[in-house]
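Novice: Let me begin by handing over the structure; questions about it come next.
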Amino acid sequence: MSDLEAFRTEVRDWLAANCPEEMRKPVRGEEDVFWGGRRAVFNSDAQKQWFLACRDKGYTVPDWPRDYGGAGLSAAQAKILRQEMSSIGARLPLSSFGIWMLGPALLKFGTEEQKKHYLTQIARGEIRWCQGYSEPGSGSDLVSMQTFGADEGDHWVVNGQKIWTSYADEADWIFCLVRTDKSNKYQGITFMLFDMETAGVSTKPILLISGNSPFCETFFDDVKVPKEQHVGEINRGWDVAKYLLGHEREMISGAGGGDRTAGIGAVIKRMVGEIDPVLRAQLAQFDVDALAYSAMGEKFLDEVNVGKGHPAQPNMMKYAGTELNKRRHELMMAAGGSRALEWDSAETGGGKAARGWLRTKANSIEGGTSEVMLNVIAKRILDLPGA
Amino acid sequence: MSDLEAFRTEVRDWLAANCPEEMRKPVRGEEDVFWGGRRAVFNSDAQKQWFLACRDKGYTVPDWPRDYGGAGLSAAQAKILRQEMSSIGARLPLSSFGIWMLGPALLKFGTEEQKKHYLTQIARGEIRWCQGYSEPGSGSDLVSMQTFGADEGDHWVVNGQKIWTSYADEADWIFCLVRTDKSNKYQGITFMLFDMETAGVSTKPILLISGNSPFCETFFDDVKVPKEQHVGEINRGWDVAKYLLGHEREMISGAGGGDRTAGIGAVIKRMVGEIDPVLRAQLAQFDVDALAYSAMGEKFLDEVNVGKGHPAQPNMMKYAGTELNKRRHELMMAAGGSRALEWDSAETGGGKAARGWLRTKANSIEGGTSEVMLNVIAKRILDLPGA
Amino acid sequence: MPLYHDDDQAMLADSARQFMADEGAITKQLRHWRDRDCKDGFGHGLWKQFAEMGFTGMLVAENDGGLGMGHVEAGIVLEEIGRNLTPSPFLTSSVLAATALAHGSDDARGRWLPGLIAGDSVFAVAIDEGGKHRPERIKTRAQKSGNGFRLSGQKDFVLQGASADMLVVAARTSGDDNDEGGITLFAVPRDAANMTHEAVRLVDSSMATHTKFADVELDGDAVIGEVDGGRAVLNQMLMAGRIGAAAEGVGVASGAMDMTVDYLKQRKQFGKLIGEFQALQHRAAHLYSEVEIARAATIKAAQLLDAGSEKADLMASVAKAKVAQAAGLAVREGVQMHGGIGMTDEYDIGLFMKRDRALQEFLGDQYYHAGRVAELSGY
Amino acid sequence: MPLYHDDDQAMLADSARQFMADEGAITKQLRHWRDRDCKDGFGHGLWKQFAEMGFTGMLVAENDGGLGMGHVEAGIVLEEIGRNLTPSPFLTSSVLAATALAHGSDDARGRWLPGLIAGDSVFAVAIDEGGKHRPERIKTRAQKSGNGFRLSGQKDFVLQGASADMLVVAARTSGDDNDEGGITLFAVPRDAANMTHEAVRLVDSSMATHTKFADVELDGDAVIGEVDGGRAVLNQMLMAGRIGAAAEGVGVASGAMDMTVDYLKQRKQFGKLIGEFQALQHRAAHLYSEVEIARAATIKAAQLLDAGSEKADLMASVAKAKVAQAAGLAVREGVQMHGGIGMTDEYDIGLFMKRDRALQEFLGDQYYHAGRVAELSGY
C-alpha cells in the first residue's frame, strides 16, 4: 500500500504542476474536446500544454506499455490516476476512438509490428481514427453486411458503403469490417485498416435531429487496401469486432457513468433556484440511480482490471448507462423549462441544452441498441433459451 | 333528453327510498359482498333489504330484458343508474360471475329456453356460478386443455381437473370448458354447464400468499352431464369462451377502474396525516393515471353500449386497469408503513392492507395475464406481424 | 354526454383530419417554413384557410360572429394539428385569446374578434415569467395612470409574440407577487410603444419571445374583464389552453405512434420484421394503452369545461399531465424503435419529439400538473 | 479499495453461502417456524450456529471478544441471509445494537457483548415512532430521576422486541421533538418494570412490537454514550442498519431473480419455454442490470462506512433506495412471471415478496431515502 500511496503523492504533484486551471473546468461542448489527428487544432494554449504534458508522460494511455507510448501503469496505479484527475476535474487530454476502440483490439490481436506502429501513433494523437461497421439496412444486424473486398493478390479492392461512421469526415484512418468471403454468412469478414485519403474513399455528413452532423455516410469505390493492413486472421474479423464492441460499450456507458455521474439535483438547484416539488422527487430518484450507477462503474472497472466479472458485463453497463444518460437530459430539459427549448439564441449557447438532449437519444442506438444489449444479457449472462 | 332527465329523477327518488344508509358505505372486505346462491347468507338486514329491492326492480341486471329478470334499461338509462348509484356510493346489490361472465355469453349464444331458465336464476341471485377454464400446466394456454367429455349418447361423462376456479367450493353450478373431440387441437371443445352437486365433482381450496383461498382445484371423476347442458355448438365452445373472456376482462378491469377509481392521495392524507414529499409525488402521479383511467373506463363503457370501439379494447382495459390496481396497493402499503405490514392484528382487521395488497398481484394473472393482453393488443389492434 | 364523438363531432373530425393531412402536412407547412427560416414559424396562407374551414372562430360566440362550439370541438381540430405537427396560431389565438376576449367589453370584442374569425389577425398570450410556468405568481405590474395604465415587467415563452397583432397580458394591478387577486388582463396592440420583443426560435421551429414592457401606456379600454378581477378569466384561459394543448399532444402522440407501428411492419433486422419481436410488440401495445387513456382524459376534461363543471380544473391538470406522459413515451419509443434513421433530420419522427417537448412545457409540464392534482385534492 | 471481494472476503462469502443454504434454508427455518406459529419468528438453535460460525460478533471489536470486521463483511453474511430468507436477529443484534454498544462504557460492553457473541442474547432497537421511519423526530422522553432516568413514550416496529434480552432505545432527554440534539440512547433490559410489548406478526412472519414505556426506571449506567449526545451514535447505527438492510435486500432480490430465471427455463406455454419469449427476456435482463447496480451501491456504501468517510451517509441512502427499487422489481416480476403458481403459498416466490416488503420499510423506504439524497445534496 505505501508504494501506491507514494504513487498517489507523485501523481498529485505532477497534476498540480502540469494541469492548467483552464483544463480543470467542465467541458462545455464539443469545442472543448481534443481529438488529435493530422488536422488537429488546439483551441487554447492550455489545451495544448495539457495534451503535450500528458503525451510526454504516457498519460494519454496510462495503462498501455511504455513501448507503445503509454505509461505502463498497473491497474491499481491507473485507478489512482483516474481518481486524482477526477478529484480536480481534469479534462481528458485526448479523446480518441483509437484509444477506446482500436487500441484494445490491437493490443489483443495485432502483430508486434502493428502495435509499435499504430499504437504509438494513437498514444501520441497523431492519427485520428473512425470506425466502419454499420451499413444501410443492417443497423443492429452486422451479419447482413455487404461491403466487399475482392482479393487481388497483394491487396484487396473494396467497394461498398458504411453508415453512422462517427467523424468520418475528420478522421485520418478507418478501421473497417469488409466481407472477403461471400460463401460464409457468419464469418468471411476481415477487419481492415486504411487511410481515408486513399483514392475512392468519400464521406457525406448526416444531418441529425440535433442539427449537428457527428456521423457520416462513407463510400468506397474501388479502394485499394494492402494485404498487411488487416488485424487478426483473414475472414475472422468478427472476433476482433466483437472484442472491440465490448470496449466501445464500456466507453459509451462511460458517457452516462464513471466518476462524472454525480447527482444532478444539486446542479439544477444552483441553476434554476426553485424546483417544483414533483420534479424534485424525480431528480431525487434520478440521483439515487446515478450515484448507484457510478458505484457500478467503479466496480466494473475494478473487475475489468483484474479479469473478474462476466465478459458480457459491458453490455449491461452500456444499456444502463445510456438509458440513464437519456433520462438525465430529459430531466435537465424539464428543469430548464422554456429557456432550454431555445434552438439558436446566444443566451443558450446556440441551443446547447436542446441539442445536447436530442444528441443523447442516439446513445441507446449507436454501438449496439439497448434491445441488442438486453438480448445479449439474456443469452450470455442469464443463459435464457433461444435468446 | 327530458325523458332521460325524468328517468334520473325517478332513479334518485327510488334510491333515496330503497338504498339503506349502511349500503352506501364503502365495502370493507369480502364479508360485505353478497354473492347469492343456494347457501347465501345475508350479513345484515340492510344487505338483505337492498338486495331484495334491487332484485324486484330488475336492478341486479339493469340492462337485461325484463323477461330474464332485468329492468330492460337502455344504455343511456343504465349509465344514469350507474352514475346515481355511484354518487351516493351505493354498494353492488349482488356480485356474481353469472352476471359478469355467463350472462353475456348466454344472451349471445343461449337458446331461448336457456336464457329464460338460467338468466332469471342469475338475476334473482338464486344460483351462484363458478368458471372452469384453466387446467394445471395450461395457464395462459387454453389450447392444451385435457379435461375430456366422452360421448355417451344423451350425456357426456367428464373426467379431468380444473384449477383457479374462483369460489368453486361455494358455487352451485359451473360453466366449464371440456374437450369433446381429441382430433382437433384448436376446436373440439364444448362449453358445458353443470351442477356442482353432481356425483364425481369435488373441490380443494388453494392457499394463496394472501393467506386466503378464493381459488380451488376442481376434480371431475366420471361426472355425467346431460347433452342439453351446453351453450353454443358442440365442439365450438371456444367461440363462447372467447366472448366471455372479453366480459371477464371488462369486469376485472373494473376492479382497477370505473367510477371507484378516484385518487388515493386525498384518502391517504386523511389516513396518515403526514406524507413524505417523494411519496407525495408518487401519489400525485398515481392520481393522474387513476383519474385518466377512470375517464377511459367511462369512455369504454359508453362505446360498448353503442357497439363502438375496437372489439379487443377490453384487453387494453384489463391490462391497464389491473396494473394500476397493483400500483395502487403498492402505494397504500408504502403510505401505511409498518402498521400495514401487520398480518393478523385486530387493529388492522387481521392484516387487511397486507392481504389485500398481495391479492392484487393475481389481478394481472387471472382472466388472462398482462402478457397475453399485450399480445392481443399487438395482434388484433396494432396488427403487428406474427404477433 | 357520452365520451365519444356524436355525429356532428365525427363529421368535424373527418373534415379536420382530411384538411390537416392535405393542407397542414409536415412537408407543406412545418418543413416548408422551417427550411426557409420563416420569422413567424407558420404560414399566414394556412391561417386564412383555417378561417375558411370555420376553425378560427369556432369557440367565439355566435352573437360575435363565431360558431359557438365547445372545447370538445376545438380539441378535435387540435388533435389533427398535433398529428400533422401543423404550425399555426390556433392555440394561442382561437383558444387562449378567444377565451379571454369572451369576457371583454363590446368594444374589445368588436375590435379584435372579426380579424380573428377572418384569419387576418394573430393573437398571443403573455402569462409566463421565467423559464417555468407558474401563473400563481405574477410580477409584471400595471399601474394606474390617468384614465389608463402603465405596464412594466417581462414575459417569457410568449408564443408568436413577435408576429401577433395583439397580446393578452396578465399583469398585477394590486397586491403582492403571489396574491390570488389583483390581476388584470390587458389587450395590448402590437404597435404599443415601449414594448420590445426578443424573438427566439424554439426546438420545434416555432417562434416565441421574451417580451419587455417598459412603461407601456395603455388606455382604460385595453382592460379585458374587471380591473383586479382578472384571475377568474385567467383561470378560464388556462383551463382552455391546457386542455387544448393536451388535445394537440394526443395528436402528436398518435402521429408518432402510428408512424412507429408502420415502421415496425416494414423494417427487417436479423431476417425478421422488427414488428415480430415480442419485446417491441409489448412496448407498442403498452404505448397504445397509454395514448388511448390520455385521449379519454382529454375528452373528459373538455366535456367538463364545456359543461361548466367545477371538476374541469382538476381534470385539465390530469389531462395535461397524462398526455405529457403518453406523448413523451410515444416520441421516445418512436425514435428508439426507428433506430439510427430516427436520429436523422430526414425522417419525421424526430420532429414529433421536438414538438412534444415544446408542447409539454407550454402551460405547465407533467410535474407541475401532477403537483397541482395533489394540491387540488388537498394533499 | 477495489469494489470487489478480496480473497478473505471471497472465502467468507463462500462459507456464508454454504452455511445459509444448508442451515438457513427456507424449509428449515422460515417455513418451519412460520408453520408452527413461533412466537419469536426465528430459531434460537440457528442463532447459536451463527455464533459458532463467528457471525454474531463479527462487527464487535477484537478487544471486546469480537472479530473486528467491517460492514462489507457483515453485508456478505446479510446477502446470504436475504437470499435464503433466513429469519434471525442478526441485523438488529449484531449490526444495529452492536454498533450502539461499541460506544458504550466498559461496563455496558462487558454486560451485553459476551451474550451476543455466544449467540445466547438477542437485542432489539427501538427507534421508530408511528408507522413511518422518521428518526429526525423523537418524542419518547427520558427524564432525570435521581441517579437515573424515567422513560415514557411508545416505540413501534421494534423487530424482535418481545424476545429481546435488551432493547437499545433512542429517547429524548432535552429539547423539542424535532431537535437534532437532546437524544440519549439507553440499553433497556427485558425485565424492566413498566415496559409492555404488544407483539404483532408481520407479513413476512417476523415478529415486531409496539412497545410502551410508562415511567420505566433506568439506572444511570443504562446510558450508551453521552447523555444528550446520542444523535451521533444513533446516526452511526442508522447508517450501519440501512446498509445492512440494503445488503439483505440485495440477497432477497438475487434469490427472487435466480428462482424466476430458473423457472423461465423450465415452464412451457404455447409449446415454448417461456424463457424463449423476448418480452420476458428483456424484462429479466433489465432486472439483472438493476440488481447488479444495487449490489454495487451497497458494497460502495459499506466501504465508505468502514473507511469513516463523510460520504457514507449519502451513499447509505442511495443504497437503501436503490435496493428497494431493485428488490421490489425482482419480487413483482418474480410473482408475475411465475403466473398462477406464484400466487400460491406452496411456492417460495411469494415469501420473497413478503420479506421484501418488510425489509423495504425497515429504517426508511425508497421514498424516504430518495428525499434524503435530495436533502443531503442541498435541494
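Please treat every number below as a calculation from the coordinates, not as lab data. The model shown is predicted, which means the values in this text are computed figures rather than measured ones. We place every Cβ from the backbone using ideal geometry, glycine too, and count neighbours over all the protein chains shown.
Novice: Return the whole-Å distance between the Cα centroid of the range C:1-41 and the Cα centroid of the range A:365-387.
Specialist: So the two Cα centres are separated by 41 Å.
Novice: Can you divide the C-alpha Rg of the range C:72-125 by 2.2 N^0.38 Å and report the result to two decimal places?
Specialist: Values: Rg = 11.9 Å, N = 54, 2.2 N^0.38 = 10.0 Å.
Rg over 2.2 N^0.38 Å, computed on Cα atoms: 1.19.
Novice: Here is a further query. Which order results if D:Thr173, A:Thr60 are arranged by neighbouring Cβ count within 10 Å, fewest first?
Specialist: Fewest-to-most Cβ neighbours within 10 Å comes out as D:Thr173, A:Thr60.
Novice: Which one of B:Gly72, B:Ala40, B:Trp50 has its Cα pushed farthest toward the positive end of the charge dipole of the range B:29-84, where Lys and Arg give +1 and Asp and Glu give -1 at the Cβ?
Specialist: My answer, from the dipole projection, is B:Gly72.
Novice: Could you calculate the FRET efficiency of A:Ala17 with A:Lys116 from 1/(1 + (r/R0)^6), where r is the beta carbon distance between them and R0 is 30 Å, rounded to 0.05? Present the calculation step by step, with values, prior to reporting the outcome.
Specialist: Numbers: r = 30 Å, r/R0 = 1.01.
After rounding to 0.05, the efficiency reads 0.50.
Novice: Kirkwood hydrodynamic radius for the range D:83-160: how many Å is it when counted over pairs of different Cα atoms?
Specialist: Values: mean 1/r = 0.0692 Å⁻¹.
Across the range D:83-160, the inverse of the average 1/r is 14.5 Å.
Novice: Per-residue Cβ counts within 10 Å, from other chains only, averaged over D:295-305: what number is that? Before the final figure, lay out the partial values.
Specialist: Details: counts 4, 11, 9, 2, 4, 7, 3, 0, 2, 1, 0.
Taking the mean over all residues of the peptide, I get 4.
Novice: Here's a follow-up. Suppose R0 equals 60 Å. What FRET efficiency, 1/(1 + (r/R0)^6) with r the Cβ-Cβ distance, do D:Glu180 and B:Lys48 give to the nearest 0.05?
Specialist: Working: r = 59 Å, r/R0 = 0.99.
E between D:Glu180 and B:Lys48, to the nearest 0.05, is 0.50.
Novice: What ranking do C:Ile349, B:Ile80 get, fewest neighbouring Cβ atoms within 10 angstrom at the top? Don't skip to the end; give the middle numbers.
Specialist: On the way: C:Ile349 24, B:Ile80 21.
The order, fewest Cβ neighbours first, is B:Ile80, C:Ile349.
Novice: If you split all Cα-Cα distances of the range B:3-95 into 10 Å bins from zero, what percentages do you get per bin, shortest first?
Specialist: Result, from short to long distances: 16, 50, 29, 4, 0 percent.
Novice: Give the residue from D:Gly115, D:Val158, A:Thr165 lying farthest towards the positive end of the charge dipole for the protein assembly as shown; charges sit on Cβ (+1 for Lys and Arg, -1 for Asp and Glu) and the dipole is referred to the Cα centre.
Specialist: A:Thr165
Novice: Take the range C:232-376, drop everything but the C-alpha atoms, weight them equally and run the Debye formula without solvent; then report log10 I(q)/I(0) at 0.11, 0.18 Å⁻¹ to two decimals.
Specialist: -0.44, -0.93
Novice: While we're here: What is the sum of charges around C:Asp215, taking Lys and Arg as +1, Asp and Glu as -1, for the other residues whose C-beta is under 14 Å from the C-beta of C:Asp215? The partial results should precede the final answer.
Specialist: On the way: positive: C:Arg141, C:Lys144, C:Arg150, C:Lys212; negative: C:Glu217.
Counting the neighbours of C:Asp215, the net charge comes to +3.
Novice: Between the alpha-carbon centers of the range A:264-280 and the range C:347-379, tell me the distance in whole angstrom.
Specialist: 17
Novice: I would also like to ask the following. With respect to the symmetry axis carrying chain A onto chain B, which residue of chain A exhibits the smallest Cβ distance to that axis, and what is the value in whole Å?
Specialist: Spelled out, residue of A and its Cβ distance from the axis onto B: A:Ala281, 2.
Novice: Out of every Cα pair in chain B, what percent are spaced more than 33 Å from each other?
Specialist: Numbers: 25320 of 74691 pairs.
Here the tail beyond 33 Å accounts for 34 percent of pairs.
Novice: Once you have the Cα-Cα distance between B:Gln146 and B:Arg380, take 0.36 nm times their residue separation minus that, and quote the gain in nm to one decimal. Don't skip to the answer; put the middle values down first.
Specialist: Numbers: separation 234, 0.36 × 234 = 84.24 nm, distance 2.73 nm.
That works out to 81.5 nm of additional length.
Novice: Any of B:Lys185/B:Lys242; C:Lys268/C:Lys354; B:Lys79/B:Lys308; D:Lys132/D:Lys320; A:Lys352/C:Lys354 with alpha carbons more than 19 Å apart? Name them for me. Provide the component values of the computation, followed by the final result.
Specialist: Values: B:Lys185/B:Lys242 16 Å; C:Lys268/C:Lys354 27 Å; B:Lys79/B:Lys308 16 Å; D:Lys132/D:Lys320 15 Å; A:Lys352/C:Lys354 14 Å.
Long pairs (Cα-Cα over 19 Å): C:Lys268/C:Lys354.
Novice: Rounded, prolate or oblate for the protein assembly as shown? Axes are the square roots of the Cα gyration tensor eigenvalues, ordered a ≥ b ≥ c, and the cut-off for rounded is a/c under 1.5. Each step should come with its number before you reach the end.
Specialist: Details: a/c = 1.30, a/b = 1.05, b/c = 1.24.
Note, shape of the protein assembly as shown comes out rounded.
Novice: Given the -39500 (n - 2.57) contribution per DSSP H run of 4+ residues, what per-residue ellipticity at 222 nm results for chain B, rounded to the nearest 500 deg cm²/dmol? The partial results should precede the final answer.
Specialist: Numbers: 11 runs with 155 residues, N = 387.
The helix-only estimate for chain B comes to -13000 deg cm²/dmol at 222 nm.
Novice: A follow-up question, please. Based only on other Cβ atoms within 10 Å, what is the fewest-to-most ordering of C:Cys38, B:Cys176?
Specialist: Details: C:Cys38 16, B:Cys176 29.
By the 10 Å Cβ count, ascending, the order reads C:Cys38, B:Cys176.
Novice: Label points 7 Å out from Cα along the Cβ direction at B:Arg270 and B:Val33: separation in nm?
Specialist: Result for the modelled spin labels: 2.3 nm.
Novice: Here's something else I'd like to know. Quick one: helix D:230-264 against the long Cα principal axis of chain D, what's the angle to the nearest 10°, folded into 0 to 90?
Specialist: 20
Novice: Between D:Arg137 and D:Ser309, what is the spin-label point distance in nm, taking each point 7 Å from the Cα along the Cα→C-beta axis?
Specialist: In this crude label model, D:Arg137 to D:Ser309 measures out at 3.3 nm.
Novice: If you don't mind, there's one more thing I want to ask. Using all Cα-Cα distances in the range B:129-236, what percent lands in each 10 angstrom bin from 0 up to the longest?
Specialist: Here the calculated profile for the range B:129-236 is 16, 50, 28, 5, 0.
Novice: Restricting the calculation to Cα positions, tell me the Rg (one decimal) and the Dmax (whole number) of the range D:176-288 in Å.
Specialist: For the range D:176-288, the Cα radius of gyration and maximum Cα-Cα distance read 23.6, 71 Å.
Novice: Determine the dipole magnitude for the range D:1-97: charges of +1 sit on the beta-carbon of Lys and Arg, -1 on that of Asp and Glu, nothing else is charged, the reference point is the Cα centre, and the result goes in debye to the nearest 20. Walk me through the numbers on the way to the answer.
Specialist: On the way: 8 positive and 15 negative charges, 124 e Å.
Approximately 600 debye in magnitude.
Novice: Let me ask something else about it. Residues in the range B:230-248, backbone N under 17 Å from the label point at B:His155 (7 Å along the Cα-to-beta-carbon vector): list them, ranges by number please.
Specialist: Taking a point 7 Å out along Cα→Cβ of B:His155, the residues of the range B:230-248 whose backbone N falls under 17 Å are B:230.
Novice: Averaging over every viewing direction, what projected area does the convex hull of the Cα atoms of the range B:254-381 cover, in nm²? List each step's numbers first, then the result.
Specialist: Values: hull surface 34.2 nm².
Spelled out: convex hull of the Cα atoms, projected over all directions, averaged, 8.5 nm².
Novice: Given a Förster radius of 25 Å and the C-beta distance between A:Lys182 and A:Glu228 as r, what FRET efficiency does 1/(1 + (r/R0)^6) yield to the nearest 0.05? Each step should come with its number before you reach the end.
Specialist: Values: r = 23 Å, r/R0 = 0.91.
Efficiency for this residue pair is about 0.65.
Novice: How many angstrom separate the Cα center of the range C:82-153 from the Cα center of the range C:205-268?
Specialist: Comparing the Cα centres of the range C:82-153 and the range C:205-268, I get a distance of 11 Å.
Novice: For the range D:47-95, max minus min Cα coordinate along each principal axis, in Å, sorted largest first?
Specialist: Extents along the principal axes, in whole Å: 32, 22, 17.
Novice: A further question on this structure: Specify whether the C-alpha gyration tensor of the range D:7-122 places it in the rounded, prolate or oblate class, a ≥ b ≥ c being the square roots of the eigenvalues: rounded for a/c under 1.5, otherwise prolate if a/b is larger than b/c and oblate if not.
Specialist: Taking the square roots of the gyration eigenvalues as a ≥ b ≥ c, the range D:7-122 is oblate.
Novice: Using a simple spin-label model with points 7 Å from Cα along the Cα→Cβ vector, what separation in nm is obtained for A:Arg66 and D:Arg36?
Specialist: For the pair A:Arg66/D:Arg36, the computed spacing is 6.8 nm.
Novice: Which Cα, out of A:Gly321, C:Val203, D:Ile127, lies furthest along the positive dipole direction of the protein assembly as shown (beta carbon charges, K/R +1, D/E -1)?
Specialist: Ranked along the dipole, the leading option is A:Gly321.
Novice: Straight-line reach from A:Lys48: which lysines have Cα under 22 Å away, leaving out those fewer than 8 places along the same chain?
Specialist: Hits, sequence-local ones excluded: A:Lys25, A:Lys57.
Novice: Now a separate question. Near the amide H of C:Thr344, under 5 Å away, which other amide H atoms are found, from residues 5 or more places off or on another chain, if H is placed in the peptide plane?
Specialist: Amide H neighbours of C:Thr344, under 5 Å, 5+ apart: A:Ile209.
Novice: When a/c reaches 1.5 or more, the comparison of a/b and b/c decides; with that in mind, is the range C:214-275 rounded, prolate or oblate per its Cα gyration tensor? Could you put the intermediate results ahead of the total?
Specialist: Details: a/c = 7.33, a/b = 3.95, b/c = 1.85.
Note, shape of the range C:214-275 comes out prolate.
Novice: Further question on the same structure: Provide the packing ranking of C:158-169, A:2-13, i.e. peptides ordered by the mean count of other C-beta atoms within 10 Å per residue, highest first.
Specialist: Packing order, densest peptide first, comes out as C:158-169, A:2-13.
Novice: What does the charge dipole of the protein assembly as shown about its Cα centre add up to, to the nearest 20 debye, if the Cβ of each Lys and Arg holds +1 and the Cβ of each Asp and Glu holds -1?
Specialist: Details: 170 positive and 210 negative charges, 150 e Å.
The calculation lands at about 720 debye.
Novice: Residue by residue through B:161-170, how many Cβ atoms from other chains fall within 10 Å of the Cβ on average? Present the calculation step by step, with values, prior to reporting the outcome.
Specialist: Numbers: counts 0, 0, 2, 4, 0, 0, 0, 0, 0, 0.
Rounded to a whole number, the mean comes out at 1.
Novice: Treating the angle as unsigned and between 0 and 90°, give the value, to the nearest 10°, between the Cα long axis of helix B:237-255 and the longest Cα principal axis of chain B.
Specialist: 10
Novice: While we're on this one: State the volume of the convex hull built on the alpha-carbon positions of the range C:125-228, expressed per residue in Å³ and rounded to an integer. Don't skip to the end; give the middle numbers.
Specialist: Details: hull volume 9.1 nm³, N = 104.
Expressed per residue, the convex hull around the Cα atoms of the range C:125-228 is 87 Å³.
Novice: Taking chain C as the reference, fit the longest principal axis to its C-alpha atoms, fit the long axis of helix C:7-23 to the helix C-alpha atoms, and give the angle between the two in degrees, 0 to 90, nearest 10.
Specialist: 80
Novice: If the label for B:Arg28 sits 7 angstrom from Cα along the Cα-to-Cβ line, what are its distances to the same label in every other copy, in nm to one decimal, shortest first?
Specialist: Spelled out, the distances from B:Arg28's label point are 6.7 nm.
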